[in-house]
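The values are calculated or read from the model by the stated rules, or taken from the named source; none is laboratory data. Source: prediction; values computed, not measured. Neighbour counts run over all protein chains shown; Cβ positions are idealised from the backbone, glycine included.
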Amino acid sequence: MATDHELRLRERLARLRSVNLLGGARLSAEVEKLQRQLERIAEETTDEDIWHSVELARHQDRPYTLDYVDRLFEDWFELHGDRGRADDHAIVAGIGRFDGRTVALVGQQKGRDIKDRIDRNFGSAHPEGYRKAMRTMELADRHDFPLITLVDTPGAYPGVAAEQHGQGGAIARSHALMARLEIPTVACIIGEGGSGGASALALADRVLMQENAIYSVISPEGCAAILWRDAGEAKKAAAAFKPDALHCFELGVIDGIVAEPEGGAHSDPDGAARLLAEALREALEDLEPMAPDELKRRRRARFRSLGVFA
Amino acid sequence: MSTPRIDVSIEHRDAPEPNQRKHPNTCPKCDSHYRDDELERTLWVCPQCGYHFAMKARSRIASLVDEGSFVEEAADVRSEDPLNFFDLRPYTERLAEAELKTGLGEAMVIGQARIDGTGCELSVMDFSFMGGSMGSAVGEKFSRACDSAAERGVPLVSVSASGGARMQEGILALMQLPKTVAAVEDLKDAGGALISIVAHPTTGGVLASFASLGDVVLAEPQSLMSFAGPRVVQQTTREKLPDDFGLAESNFRFGHIDKVVPRPDLRANVARLLRLFSKNGD
C-alpha cells in the first residue's frame, strides 16, 4: 500500500518530468538525476537529506565564484570599486568572454584560507559590494552584455559601518536595478543563498540552483535562535523551512536544478564547472532572442507571481 | 526633550520590577501612564516626553486620511502555510492568534484614500500582527496597492513597521523582496510616486525592499531602521554600538532619508508631498 509520503514523491517526480526548461537530451539526464535524488530521499529521512545539502553548500572545498570564473571565461577582466567609497572583496565583478560573447559577471566570493576568508569577509558584502555589483550591471545594460550572477553568501554583513553606509537601501536598490535591466540575466545559487543579501543578486530571468546549494530567508542557526530560542536546533529549523534545491524548485522559486558531480561540487570542480557552463549556456540561448522590454516584463511578472496566499 | 518626572508612586518604590514587562500604555522613556483614549487623542505620542508608541494600522489610517475617505482593498487576502511550518507551535495557530489579537487579516492594510483633499493609495503595516513580518500575503497586498495606485494615477503612501521577512514561510517570504520591488518598479514606470514613511521598527526584508525605494523617504523620530537589528550586529561583530545605532536620526545624518517627521506633523508633510506630486492639481 502506498503511503502518503510515496504518493507525494510520485507526484513530485511527475511534475519534474513535465518541466522542459532544461530541454533536449539533457532533460532525461536531469530527470534521471532527480529520480536518484528522490529515491535517496525516499530511503532516508527528509530532514537528514536537507541537512546534508546545508553541509555540502558550506563545504570548505566547494568551488567559489572565482573557481568558476577561471574555468568558464576567457579574457576575464575583473572590475574593482564602487566608484564612491571602497572595493568590497566579498563581491567579485567583471567582464569576460563566455562562449564567444562578452558577458558581465557578479558574484559573492568566499575565501579559502583564514587570511583570504577575512579579506573576503566570509562572502558577506557591505553596501559598497552591492554598489559595485550595480555599477557592473549598469555597464552590462549599456553595452548589451548578458549578465550572469553567482550567489554564494551567508548573508549581507551585519555591522555598524554597513548600516551607516545604507545596507538595507543598497540591497533594495540592487533588486530594483535588476528589475529594470533590459539584457538577458541568469542567476545561479552555487552555495549558500542567504537572505536579502543573496536575492539582491538573483532577480534574474532564469534562476538556477546547484543540486546541493541552499536558498533561504535566514540561516538555519538564525531561525533556530529566534523560533526555538536555541541555535543548536539548526537541523530542526532547516527541516522546517526547507532551503534545499528540490523544495525551492517545487515552490517555483527557481527554474532549474544544475546537477553536480557525484559526491558534490567539491569532489570534482572541473566537472561541476562543465555542468554549470552547460546550464548557463542553455539559459542564455533561451533568453537572447527575446526583445529587451519583453525580458523585463516577463522577469517582473515571474517574481510578482511568487507566493502562496488565500 | 525629556524632563525627568517626580516619582509619586511611593507605594511601589520597593516593589521589584526588573524583568516585569511594562504595561503597553506606560511610556518606556518617562514612565508616564495613559488611558487608550488619551493616547488616541495624542496620536500615540507621549504628551510628557514625545515618545512615539507603536501605532495600530487602523489608528494610523485615521490619523492620516480625510475622515471617511478610506476604502479598504484586498481585505480578504490571508496567509497560507505552504511549508506546513511547525516550530514550537504551528504557523497556522500563530496566524489565527494574531488575527484574534489585532482584528486584522494580515500585517498590512491597503486601500484608497484622500489626504487633505488629494487622492492617494495607502499601505499601512501593523507591527502587532506577528511583528509586522512580510510573508506572501503582505507581499501580495503591497503589490496590489502599487497596481491600484498606478491604475488611478495617484501616489502610493506606504507606512512600514516590520521585523522583516516571515520565517515561517521560508524561501517564499524572501521572494517577497523581489516581488514587492518589481511592483514598485511597475508603479514607477507608470509614472507613479512612492512616498515611504518608516515607523519603528523597520528592519530586515522590508527595509531591504520597498521601504527604501520611496521617491521620498520620511521616518518617525527614534524609529529603528536597520537591515540587521542591534542585537545581531552586537553578537556578530562584538563592536560597541553607537547610542543612536540604526535610528532615524542616524539614518538622516548618513543621508538615507529625507526628513525625520514627528507623528503630529506627518499628515501635513504627506499632504504637501501629494500636492507636489499630483499632476494638474489632482
Next item on the list: State whether the residues of the stretch B:64-73 include one that is surrounded by 19 or more Cβ atoms within 10 Å (Cβ to Cβ) and either over 26 Å from B:I195 (Cβ atoms) or free of Cβ contacts under 8 Å to residues at least 12 places away in the same chain (or both).
Entry: no
Margin query: When you scan the stretch B:23-40, do you find a residue that is crowded, with 21+ Cβ neighbours inside 10 Å and more than 16 Å from the chain's Cα centre (by Cα), even just one?
Written below: yes
Note to self: Condition (residue is at the interface with chain A (Cβ under 9 Å from one of its Cβ atoms), surrounded by fewer than 21 Cβ atoms within 10 Å (Cβ to Cβ) and assigned to a helix (DSSP H, G or I)) applied to the stretch B:252-268: is it met by at least one residue?
What the structure shows: yes
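Taking the stated definitions as given, is B:A271 surrounded by fewer than 22 Cβ atoms within 10 Å (Cβ to Cβ) and part of a helix (DSSP H, G or I)?
Working: surrounded by fewer than 22 Cβ atoms within 10 Å (Cβ to Cβ): yes; part of a helix (DSSP H, G or I): yes.
Yes: the conditions hold for B:A271.
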Next item on the list: Only residues that are charged (D, E, K, R) and in a loop (DSSP other than H, G, I, E, B): list them for the stretch B:40-72, please.
Entry: B:K56, B:D66, B:E67
Item checked: Scope the stretch A:132-172; condition facing chain B (nearest Cβ under 7 Å) and either part of a helix (DSSP H, G or I) or on the phi > 0 side of the Ramachandran plot (or both); matching residues -> A:V160, A:E163, A:Q164, A:G166, A:Q167, A:G168, A:G169, A:I171, A:A172
Margin query: Quick check on the stretch B:119-177: of everything there that is surrounded by fewer than 24 Cβ atoms within 10 Å (Cβ to Cβ) and at positive phi, which residue is nearest to the other protein chains (Cβ to nearest Cβ)?
Written below: B:G131
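Is it the case, given these coordinates, that A:A179 is under 26 Å from B:L224 (Cβ atoms) and part of a helix (DSSP H, G or I)? Break it down into steps so the answer makes sense when it comes.
Working: under 26 Å from B:L224 (Cβ atoms): no; part of a helix (DSSP H, G or I): yes.
Judged against the criteria, A:A179 is not a match.
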Next item on the list: Report the residue count in the stretch A:256-278 for those that are at pLDDT below 95 and in a loop (DSSP other than H, G, I, E, B).
Entry: 6
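Could you tell me whether A:A291 is more than 14 Å from chain B (Cβ to nearest Cβ), small (G, A, S) and under 16 Å from the mean Cα position of the chain (by Cα)?
On the way: more than 14 Å from chain B (Cβ to nearest Cβ): yes; small (G, A, S): yes; under 16 Å from the mean Cα position of the chain (by Cα): no.
Here the answer is no, as A:A291 does not meet what is asked.
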